[in-house]
Amino acid sequence: MQLVVCLARVMDPAVALEVQAEPGRVTQKEPRPVHVVNPADRVALELAMQLRQRRPGSHLTVVTCGPSSQEAALHYGLARGADAAVRIWDPGLAGADALTVAEMLARCLRRLVPDLVLCGNRTLDYGTGLVGPAIAGYLDLPQMTGVERIELEPDGRLRAWRRLDRGAREVLLSPLPAVLVVEPGAVTPHYVSVLSQLRARKQPVRVLGGAELGGLPAAAARTVQVTPPKPRTKRVILADSKASATDRMKALMGGGKKPTGPAGPATADGNSSAAGSGKGPLELPPEQAADQILQFLKARGLALGGPKS
Amino acid sequence: MLQLSDLSWKQLLDSDACTTCGRCQAVCPAQNSGKPLNPKQIVGKVLQTMANPAGLSPLDLITPEEVWSCTTCAACIHECPVEIEIVDKIVELRRSLVEEGKVPDMAATALQGMAERGDPWLNPQSGRTRWAGDLKVAVAQPGEEVEFLYWVGCAGAFDAAAHPIARSMVKLLDKAGVSFKILGNSEQCSGDPARRLGDEGLFQRMARENVAKFRAHKVKKVLTHCAHCFNTMKNEYPELGAEFEVVHHSQFLARLVAQGKLKPARPLNDGVTFHDPCYLGRYNNEYEAPRAVIGAIPGAALAEMERHKDRSICCGGGGGHTWMDIRLGERIDGIRLDEAVQTRAKTVVTACPFCKIMLDSSAAAKGLQDQVRVRDVAEVLAEHLEE
């Protein structure tokens, strides 16, 4: 089975970023720039390695698009167990947008003739999320996004579990070749030691330039302006610690306003949206309070023994 | 997978020296708290592998659970009558597992944190001076010569239990008129957890980077409040080119007290006991300096725990365990805290931030914060300076 994983080396977002309006660039600040292998890509690689192990005779290639500094991502892939590594680069690709990168990757993939292409869902730094689906588009292949689990069927099709909202899952079945866009957190990648990555530097990396890949496409997008984000004003609501629990809760839920009106047991007041039963916050002895809370949860099908269970 | 040919002649020979006396087993905190690790069996299994001509690996007989249970406290080495270096073999096994990518998830996260952010807790470097708060601390500028460097370490920078240690140190050094600088945001982990967890490549990379940084600043002397940083910089960095002196804060403070530059005046009357950190005590034979500092505090009556000095039981935080959560058997930190509580001392003094973190959270978990307070030797001294 021919497997290909697209890897990217990205800026670690934990390091403060600096925006340079001219020439429209984002760089990392002191004390030093930190680059990591994109976490979602590491997970894609892990899934590919699992498949490779299950199908003896499989071949895994890791591919990246970028200058020589990007080879660190390929070394990581080789150290993890990939069989070959390819880097696409042309000086004309500096600052290329996501679709251009996807098109170059697609042209390279056409030559590799993969059965399965795996990509991370988005990069930590730019995070467009376009590259994986665009590759599928350029190669005219079926794509499955949001993937967290895969299984090869005996008939050669691939079953994939997609993550949907609120815990839902969708199961897809696709013929191969296909493109998988993988969610981070799908599996925990094996740890790859520093030594193994250093050793991987001795392995050859095939470099493909624009000339070998049919020239460079016209840019799909052009960066017009880069500006730093507006600082978010942080409003911290601090409730008066001397107030009763009821009053503190009212204050926090009322947007920090000091509660007016009597506090105490069974107050029916305007601040009842959370209780939902027309009653305001209650102050009760613990056993009674627990009982009331349980009734509240049961009524909403959130506890066993309630209407929806 | 680790083969016998990967072990050094020393590692093989000293396995053969084993008399199966079982003293190592008797003092191993992992063994005594229900973990699968038994140091005597580690040696025995290496021997079994040596006796087997069919190319067996020690990892065919030793499970990963045994290997990861070790806190590298060195109690086994200390008790062994024929000086077998058992911890060394365990770390060698870890190196093999690491090369295969077979690391417990939490350990892998800590290793990734060190590799990418220079911190096993994954904090970015830009946060490394926040502990100072309102205190004025001089940060070394790029290219500046720094004769005396105070190494804050990752715990000192990022752990709430360790911030007061660093802050106390600043106050004490200022009071004693000692001039020093810190690296500030360019500091990164000493790499000790990387070596103990078995990613030797990561350790060496970080150690070399740190040595280069110290060289660029022409650092002559490094002061640290962390027993792990102390041990690794003093004993393991020279091999990688380090040419500076390293002093542990308990030693430095003892000296300042002896010189009369720090005169504790406020009495400590409700009893005190001292927990010897493994990496200060057994690893570096320093048992007296922290006791000298405690002894200088008026009224401080030191009640030793049953197992103290070279027989001190590990706090459970070494060997990367601060970052792993191995839920087998009892908690080692709980066993040690119980011994401390038995002395009836109100204050348990430690000399390593990790010991403080482990024992402090143990006290909180057991609801003993009213009965006992855990403090670093620097904190206790600072708290008892003024009347």
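The values are calculated or read from the model by the stated rules, or taken from the named source; none is laboratory data. Here the structure is a predicted model, which is why all the values come from computation and not from measurement. As a convention, Cβ positions derive from the backbone with ideal geometry for all residues, glycine included, and neighbour counts pool all protein chains shown. The area values use the complete protein model at the heavy-atom level, side chains included, leaving out ligands, DNA and RNA. Shrake-Rupley method; radii C 1.70, N 1.55, O 1.52, S 1.80 Å.
Rounded to the nearest whole Hz, the Karplus-based 3J(HN,Hα) values (6.51 cos²θ - 1.76 cosθ + 1.60, θ = phi - 60°) of segment A:93-101 follow the sequence 8, 4, x, 5, 7, 4, 5, 5, 4, with x at glycine and proline. Note on A:184-195: average number of Cβ atoms from other chains within 10 Å of each residue's Cβ is 6. Computed about the Cα centre, the dipole magnitude for the protein assembly as shown is approximately 1320 debye when only Lys and Arg (+1) and Asp and Glu (-1) carry charge, each at its Cβ. Among B:MET358, B:MET233, B:MET324, the largest mean-square fluctuation in a Gaussian network model of chain B (Cα springs under 10 Å) belongs to B:MET324. Think of a 1.4 Å ball rolled over the protein heavy atoms: segment B:36-112 then has 37 Å² of accessible area per residue. Counting only lysines at least 8 places from B:LYS218 when in the same chain, those with an alpha carbon closer than 19 Å to its own are B:LYS181, B:LYS234. Under 5 Å between amide hydrogens, built in the peptide plane, is the criterion, and for A:HIS35 it picks out A:ASP12 among residues at least 5 positions away or on other chains. Could you report the buried accessible area between A and B, both sides summed, computed with a 1.4 Å probe and given in Å² to the nearest 100? Chains A and B together bury approximately 1600 Å².
Amide H to amide H, with H built 1.01 Å from N, A:VAL207 comes under 5 Å of A:ARG87, counting only residues 5 or more places away or on other chains.
Sequentially through segment B:247-254, phi angles give Karplus couplings (6.51, -1.76, 1.60; θ = phi - 60°) of 10, 7, 4, 5, 5, 5, 5, 4 Hz, Gly and Pro residues having no value and appearing as x. Of all the options A:GLU151, A:GLU30, A:GLU183, the one that moves most in a Gaussian network model of chain A with Cα springs shorter than 10 angstrom is A:GLU30. For segment B:67-77, the Karplus equation 6.51 cos²θ - 1.76 cosθ + 1.60, evaluated at θ = phi - 60°, returns couplings of 5, 7, 5, 5, 9, 6, 6, 6, 5, 4, 4 Hz by residue, with Gly and Pro reported as x. Relative to the longest principal axis of the Cα atoms of chain A, the long axis of helix A:39-54 makes an angle of roughly 60 degrees.
Largest GNM mean-square fluctuation across B:GLU239, B:GLU66, B:GLU339, computed for chain B with C-alpha springs under 10 Å, falls on B:GLU239. How many lysine pairs in segment B:1-152, separated by 8 or more positions in sequence or lying on different chains, have Cα atoms less than 21 Å apart? So the count of such lysine pairs works out to 10.
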